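None of the figures in this text is laboratory data; all of them are computed from the coordinates on show. For clarity, every value in this text was computed on a predicted model and none was experimentally measured. Positions of Cβ are backbone-derived with ideal geometry, glycine not excepted, and every protein chain shown enters the neighbour counts.
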Amino acid sequence: MAVMKLRRAATVAGTWLNEAISFFVFCVLDVVDSFLCLIYKAADYLFEAEWKPCYCLSAKEPITTTRGKILLSQNDGESKILTLSRLQELGGRSKIELEDISETLYTRPSRLSDFSNLSVNELNKRFVKVTRSESECSDHHEKNKSRRRKSVTKSSLTVNFTVVEKLRGKIKPHNLSHDVSRWSDCDCGFCTSWASTSDKDHSLFVKTQIPNGVAAKEDVLFIHGFISSSAFWTETVFPSLSASSSAHRLFAVDLLGFGKSPKPADSLYTLREHVEMIEKSVLHKHNVKSFHIVAHSLGCILALSLAARHGGLVKSLTLLAPPYYPVPAGETKPRQYVMKKVAPRKVWPPIALGASMACWYEHVSRTICLLICKHHRLWQFLANLITRNNRTVNFLIEGFMCHTHNAAWHTLHNILCGTGSKLDTYLDIVRDKLKCNVAIFHGGDDELIPVECSYNVKQRIPRARVKVLEHKDHITMVVGRQDEFARELQEIWKTSSS
């Protein structure tokens, strides 16, 4: 009994210590990020001869573009898009959906203000309990005015000036920007190989594996997770499936902005862009009629979106560590809610610290990319030297480091945070309109995405089967057990085709 009390006290003390240190660290990072903003403004002007917009500041003046493309008006210091016409010049991307742009890109309260708001909210809750009777007697005219204000608010979308600038950049007669890299991005042959190809459409990089000696019976699409690449599959599961004489045609893509795929500087890396590029580069290009999907982490969101769009073609869904955080009913800011779940601004565990710096701080994360991604060849050389050319370490580092900050920043916010309550819709479609098998795998020691996320998916899709892999984390649930996972996949595909 005494031991249990001691452990409980130690746990409480550790939690409070983590909270206190985290509060101090992220208050400091708030200041550092503001300082780095000024540094990068000057550096961008020095190296690229122009100021580059960031998400720190909103527009100060009303902006109206010509030809009725985008109309903006000023209201209480914020720019609002009122109209956006169809963008038919984009050749493949018919229009830009403003709903796909997450406000977490430009609305990220500082740690101090967030703490202050929390304290105020607690006080407000206590105040409301005392004055509830008074609030219920509010004037009927004021209620009507409030309703009208709400209806006006819903009809417009508040955006940051940087979003406007990027939308302007998209309204051009070319498909993808040829501004290959910024000075802070890597310009090596591997990272910019997409720009030197003869493919004018700049499709995604797709690694294809065709069965040896047998005709391909079915197609399988593999989608990697955040800051990863197709090598996550081609260096693990593909060889195992080849050795087992699998009769499946396998496709593993590098997502837009990652690996060897295009990294357009003017892209907002929305869900629509990612999904349409997968459709163009795999489904249309390779004449895929029906297929299985295997997705990891952030890739699960894209997989669910594809399933919702191509329900009749999807034979099975295999999701690994799906990042599904159900938004509570009545939550007015679903994207902010998800962001705080994904990146809780804690220093422990270390993976939470990394996720928080990547998600909350635009310029801190750009500095990390500058130090790591721009010099990935040096880090790969050192890793190979230390591990004696360990193949696994090499492809993991390659996937982790070969992307641009622009791609990582927008993908993280517009997909992982930006889907918000959209995932509920996708899951409901899979549950109600699709008959495909749904299998979910999750590492029991995954500190990045909690196991509860997989069980949340099962609550939404009761027929889904969840398998928790003990003593496995976000990566080792595949890496290190690829032969076993390949057998599990073949069993899933076999039962889904029968």
So for the range 256-382, what are the equivalent ellipsoid semi-axes in whole Å, largest first, each being the square root of 5 times an eigenvalue of the Cα gyration tensor? 29, 23, 14
Give me the base-10 log of I(q)/I(0) for the range 367-440 at each q in 0.11, 0.15, 0.16, 0.18 Å⁻¹, Debye formula, one uniform scatterer per Cα, rounded to two decimals. -0.51, -0.72, -0.75, -0.80
If we sort 28-40, 241-253, 276-288 on the protection proxy, mean other Cβ atoms within 10 Å, highest first, what's the order? 241-253, 276-288, 28-40
At q = 0.10 Å⁻¹, what is the base-10 log of I(q)/I(0) for the range 351-498 according to the Debye formula with one equal point scatterer per Cα and no solvent? Please give it to two decimals. -0.50
Please find the FRET efficiency linking residue 35 to residue 391, where r is the Cβ-Cβ separation and R0 is fixed at 56 Å, and quote it to the nearest 0.05. 0.85
What does the highest-first list of 393-402, 225-234 look like by mean Cβ count within 10 Å? 225-234, 393-402
When all alpha-carbon pairs of the range 226-269 are counted, what percent fall beyond 16 Å? 47 percent
Global size of the range 223-324 as Cα Rg and Dmax, reported in angstrom: 13.4, 43
Relative contact order as a percentage, the range 221-325, C-alpha pairs under 8 Å and 6+ apart, gives 31 percent
Sticking with the crude label model, points 7 Å out along Cα→Cβ, report the distance from residue 445 to residue 487 in nm, one decimal please. 2.2 nm
So if I average 1/r over every pair of distinct C-alpha atoms in the range 431-480 and take the inverse, what Kirkwood radius in Å does that give? 11.4 Å
Report Rg/Rh for the range 402-458, rounded to two decimals, where Rg is the Cα radius of gyration and Rh the Kirkwood radius. 1.05
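Do the alpha carbons of any pairs in 207/435; 41/346; 333/494 sit beyond 31 Å of each other, and which pairs?
333/494
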